[in-house]
1. If a residue has to be under 14 Å from Phe78 (Cβ atoms) and either aliphatic (A, V, I, L, M) or in contact with a His (Cβ under 9 Å, 6 or more places away or on another chain) (or both) to count, how many in the stretch 13-25 make the cut?
2. Of everything in the stretch 59-79, what is open to solvent by less than 90 Å² (accessible area, probe 1.4 Å) and assigned to a loop (DSSP other than H, G, I, E, B)? Give them in sequence order.
3. Can you tell me which residues in the stretch 27-55 are modelled with pLDDT of 70 or more, open to solvent by 60 Å² or more (accessible area, probe 1.4 Å) and among the small types (Gly, Ala, Ser)?
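The values are calculated or read from the model by the stated rules, or taken from the named source; none is laboratory data. Just so we're clear, the structure is a prediction, and the values are computed from it rather than from any experiment. Here Cβ is always computed from backbone atoms with ideal geometry, including for glycine, and neighbour counts include all displayed protein chains. Quick note on the areas: whole protein, heavy atoms, side chains included, nothing else; ligands and nucleic acids left out. Shrake-Rupley method; radii C 1.70, N 1.55, O 1.52, S 1.80 Å.
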Amino acid sequence: MMSFVRLSREVLVELRTRGYNALRSCNPETNSDPSWVPDSVDKKFVEFSYIKIGRHEFMLIEDALVNYNEMDFKGMVFLDQ
């Protein structure tokens, strides 16, 4: 079943164990509650904390877990549960 869940440290850890290394969003930068989709990016991008390619924005999971507090996480993640 697919559903949206609030972005949290627990969700990021679960996604990392499923093999994802990034979250992707197509929301405008001004959106204060973005929607995220789990994704995997090429290893050459992993050294960056945040990537913007065209309309797509990527948040790297490992960087978010190491460098951000729980209160910094915003938005919802589309998950297959």
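1. Of the residues in that region, 5 qualify.
2. Phe73, Gly75
3. Those that are modelled with pLDDT of 70 or more, open to solvent by 60 Å² or more (accessible area, probe 1.4 Å) and among the small types (Gly, Ala, Ser): Ser32, Ser40.
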